[in-house]
């Protein structure tokens, strides 16, 4: 089971590199452009996934301490929300943080012992906690990332920016 989740982590890293590559080429107006979607800008969508991944890394820190601090996204926030203006002003740092988080995701998943994937695992969830078998929680995590990349793809389409980062076969090792 471990090799599947390591493959998910590696795929995720490559898919995010492609998605954030599209974002890195955008100008400030495109980054801030409102789009009718759950998150009002491409930056807000991708920033939400990034913040969530940082939270997941900290949830899984018993397997390997995360090199990404809980407040790593703080320079890009206004309150709890990703601020497109702050991202536009420091786009290189935002893209670099995504890469750093993706490397940490792969490292954490690689550090999980095989037997832990089938064991119960409790995490903070909303205002409480939940307990599930670890592989189920990891499936939730990776599905969440894919879900938001799909939203980002639609937002890029709306902006007229060509993108294609959803394929799996060219992104797994």
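The values are calculated or read from the model by the stated rules, or taken from the named source; none is laboratory data. Keep in mind it's a predicted model, so treat the numbers as computed, not measured. All Cβ positions, glycine included, derive from the backbone under ideal geometry; neighbour counts span all protein chains shown.
Can you pull out the residues in the stretch 16-38 that are closer than 19 Å to residue 151 by Cβ, outside any loop (DSSP other than H, G, I, E, B), touching a helix residue (DSSP H, G or I) at 6+ places or on another chain (Cβ under 6 Å) and in contact (Cβ under 8 Å) with a residue 60 or more places away in the chain?
Hits for the stretch 16-38 are 16, 19, 20, 22, 24, 31.
As an exercise: evaluate residue 144 against (1) surrounded by 15 or more Cβ atoms within 10 Å (Cβ to Cβ); (2) within 18 Å of the chain's Cα centre (by Cα); (3) over 29 Å from residue 35 (Cβ atoms) and give the number of the one condition it does not meet.
Of everything listed in (1) surrounded by 15 or more Cβ atoms within 10 Å (Cβ to Cβ); (2) within 18 Å of the chain's Cα centre (by Cα); (3) over 29 Å from residue 35 (Cβ atoms), residue 144 misses just condition (3).
Can you name the condition, by its number, that residue 43 falls short on among (1) more than 12 Å from residue 156 (Cβ to Cβ); (2) crowded, with 16+ Cβ neighbours inside 10 Å?
Here residue 43 meets the rest and fails (1).
Inspect the stretch 101-113 for any residue being closer than 17 Å to residue 77 by Cβ and modelled with pLDDT of 95 or more and give the result as yes or no.
Within the stretch 101-113 (the criterion being closer than 17 Å to residue 77 by Cβ and modelled with pLDDT of 95 or more), the answer is yes, since at least one residue qualifies.
Since residue 75 meets every condition but one in (1) crowded, with 16+ Cβ neighbours inside 10 Å; (2) part of a helix (DSSP H, G or I), which condition does it not meet?
(1)
How many residues are in a helix (DSSP H, G or I), free of Cβ contacts under 8 Å to residues at least 24 places away in the same chain and more than 19 Å from residue 10 (Cα to Cα) when one looks only at the stretch 120-173?
1
Being on the phi > 0 side of the Ramachandran plot and without any contact (Cβ under 8 Å) to a residue 40 or more places away in the chain: is that true of residue 79 here?
So residue 79 passes the test.
Hey, residue 56 hits all of (1) under 24 Å from residue 11 (Cα atoms); (2) outside any helix (DSSP H, G or I); (3) touching a residue at least 24 places away in the same chain (Cβ under 8 Å) but one; which does it fall short on?
(2)
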